[in-house]
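Below you'll find the structure, written out as structure tokens, and then a few comments.
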Amino acid sequence: MSAEAEAETGGLVFHPMDQFVVQPLFGDGPVMWYTPTNVTLWMALTVLSIVLLLVVGTRRRAIVPTRTQSVGEMAYGFVYKMVEDVAGKDGLRYFPYIMTLFMFIVFANFLGLLPMSFTTTSHIAVTAVLAIAVFLTVTILGFVKHGFGFLNIFWISQAPLVLRPILALIEIISYFVRPVSHSIRLAGNMMAGHAVIKVFAGFAAILAISPFSILAITAIYALETLVSFIQAYVFAILTCVYLKDALHPHH
Amino acid sequence: MATEVEETAGHAAESAGHAAEAVGMPQLDFSTFSNQIFWLVLTLLAIYFILSRIALPRIASVLAERQGTITNDIAAAEELKLKAVEAEDAYNKALAEARAEANRIIAETKAEIQVDLDKAIAKADAEIGVKTAEAEKAISAIRESAADNVKEVAKEAAKEIVAVLGGSADARSITSAVTARLKGASR
């Protein structure tokens, strides 16, 4: 892809996908499952950021919070309220789980906005694991809580009897598509935005276009900042919605 | 499996030549999946344990504590407000009492003054009475003496007139005549 772009524009160098390459941190060996890679580095930075915000930031337990503690409390309150509103009071048991997902995604997204960084959430492998974890958790939880009554979510009792089998089929398909859409939405958003920024950055090499290019990068960067948060929010709130289905399968 | 290894090897070789050149979509490079998944699971577990063991309980306790402090402060403020209202009531009551006391004192003083005044007026009246009686006595004495004088003068004058007219009259007849005339005049 990059080679084609190079050929067409003559002299312009586009490597929009290079930023997503997983490579070892030390040396050039093959990427084994245990190899410390840039994935390891940026995930470690994500953990570090979360620790800084939620652990170090709140270490004084101040009644009148400092700025960092205030932000940490806002994050806590934001996710807590989301879980409570969407999944209900009994969903609050799973609040740490959703908080983990939200904090990981939001920090991975924002760290990915740093120049020269690596966006872990732009990889389908990462988001698929997150989505499948949610899917499995919710499905197992549903069956554990309600046994086969959980299957009621596929059988819409308000609909006319004739339509119910058709609706059930649609519901089952949509249920199994959930992890796919859940994961590809996040990875696709992150990848697309970052790639577009790189493409515009490539145009900056042409003097006549470079002011426009820089403006466009700025604009897209602003959009990406928004998208980074919104995608984390969407991921978390969808998890809450699925959790609600598992806890209350009767519509 | 073999292709995967080959792919990895090719990728490694390429990244050795160029810093890191993407071949197609790196997202679909399955050779890196196990690596990413391994580190992701480790990361998620780390975040989960940090959050559920340290961060979330701490933030929850801070928020609860703050809520408690705010509630206490509001209760204390409520109490102080109540006290202020009580103090105002007490003040108003004291003020009313003081006013009533002042009124009472004023009335008492007024009554006392009235008594004194009455006494003084009575005394003055009595004195005035005495003085009036004395004066009346003096006036009547003066009037009496004036009447006597008039009699004397009338006698003298009558004697003189009688003498001038060429008559002579003894003192007794003149006196009786004058007295009779005076009685008639005074009547």
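The values are calculated or read from the model by the stated rules, or taken from the named source; none is laboratory data. From a predicted model like this one, the values you see are computed outputs, not experimental measurements. Cβ placement follows ideal geometry from the backbone for every residue including glycine, while neighbour counts extend to all protein chains displayed.
Values as computed for the structure displayed
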quantity	calculated
Residues of the stretch A:13-31 that turn out to be facing chain B (nearest Cβ under 7 Å) and farther than 25 Å from residue B:48 by Cα, as a count	10
Residues that are surrounded by 21 or more Cβ atoms within 10 Å (Cβ to Cβ) and either among the basic types (Lys, Arg) or out of contact with any Phe, Trp or Tyr (no Cβ under 7 Å at 6 or more places or on another chain) (or both), drawn from the stretch A:76-86	A:76
Residue count for the stretch A:117-166, restricted to those that are farther than 21 Å from residue A:239 by Cα and not β-branched (Val, Ile, Thr)	12
Of all residues in the stretch B:22-63 being facing chain A (nearest Cβ under 7 Å), surrounded by fewer than 20 Cβ atoms within 10 Å (Cβ to Cβ) and aromatic (Phe, Trp, Tyr), the one that is farthest from the chain's Cα centre (by Cα)	B:38
Qualifying residue in the stretch A:40-49 (condition: among the hydroxyl-bearing types (Ser, Thr, Tyr), within 23 Å of residue B:36 (Cα to Cα) and more than 7 Å from chain B (Cβ to nearest Cβ))	yes
Flag if residue A:71 is of a type in the set (A, V, I, L, M), touching a residue at least 40 places away in the same chain (Cβ under 8 Å), more than 8 Å from chain B (Cβ to nearest Cβ) and in a helix (DSSP H, G or I)	no
Residue within the stretch A:212-233 that is assigned to a helix (DSSP H, G or I), over 17 Å from residue A:110 (Cα atoms) and within 23 Å of the chain's Cα centre (by Cα) present	no
Scan of the stretch A:6-47 for residues that are loosely packed, with under 14 Cβ neighbours inside 10 Å and outside any loop (DSSP other than H, G, I, E, B), ordered by number	A:7, A:8
Tally of residues being under 15 Å from residue B:67 (Cβ atoms) and charged (D, E, K, R) across the stretch A:55-71	1
Qualifying residue in the stretch A:81-91 (condition: hydrophobic (A, V, I, L, M, F, W, C) and either over 23 Å from residue A:178 (Cβ atoms) or at the interface with chain B (Cβ under 10 Å from one of its Cβ atoms) (or both))	no
Enumeration of residues in the stretch A:19-33 that are touching a residue at least 24 places away in the same chain (Cβ under 8 Å) and over 18 Å from residue B:39 (Cα atoms)	A:19
Residue identified as at pLDDT below 95, part of a helix (DSSP H, G or I) and of a type in the set (Val, Ile, Thr) among A:64, A:55	A:55
So residue B:130, is it at pLDDT 85 or above, more than 59 Å from the chain's Cα centre (by Cα) and among the β-branched types (Val, Ile, Thr)	no
The stretch A:215-251: number of residues that are touching a residue at least 12 places away in the same chain (Cβ under 8 Å) and either under 19 Å from residue A:89 (Cα atoms) or of a type in the set (A, V, I, L, M, F, W, C) (or both)	25
In the stretch A:195-211, residue surrounded by the most Cβ atoms within 10 Å (Cβ to Cβ) [restricted to those that are in contact with a helix residue (DSSP H, G or I) (Cβ under 8 Å, 6 or more places away or on another chain) and free of Cβ contacts under 8 Å to residues at least 24 places away in the same chain]	A:200
Of all residues in the stretch A:163-179 being within 30 Å of the chain's Cα centre (by Cα) and more than 20 Å from residue A:243 (Cα to Cα), the one that is surrounded by the most Cβ atoms within 10 Å (Cβ to Cβ)	A:167
Pairs with Cβ under 8 Å, 6+ apart, first in the stretch B:160-178 and surrounded by 10 or more Cβ atoms within 10 Å (Cβ to Cβ), second of a type in the set (D, E, K, R) and modelled with pLDDT of 80 or more	B:169/B:159; B:174/B:155; B:174/B:159; B:175/B:155; B:178/B:151; B:178/B:155
First in the stretch A:155-179 and under 30 Å from residue A:129 (Cβ atoms), second anywhere and surrounded by 11 or more Cβ atoms within 10 Å (Cβ to Cβ) and among the aliphatic types (A, V, I, L, M), Cβ under 6 Å, 6 or more apart	A:179/A:131; A:179/A:132
The stretch A:74-99 residues that are on the phi > 0 side of the Ramachandran plot, paired with ones that are part of a helix (DSSP H, G or I) and surrounded by 14 or more Cβ atoms within 10 Å (Cβ to Cβ) (beta carbon under 7 Å, 6 or more apart)	A:88/A:244; A:88/A:247
Residue within the stretch A:91-111 that is touching a Lys or Arg at 6+ places or on another chain (Cβ under 7 Å), part of a loop (DSSP other than H, G, I, E, B) and modelled with pLDDT under 95 present	no
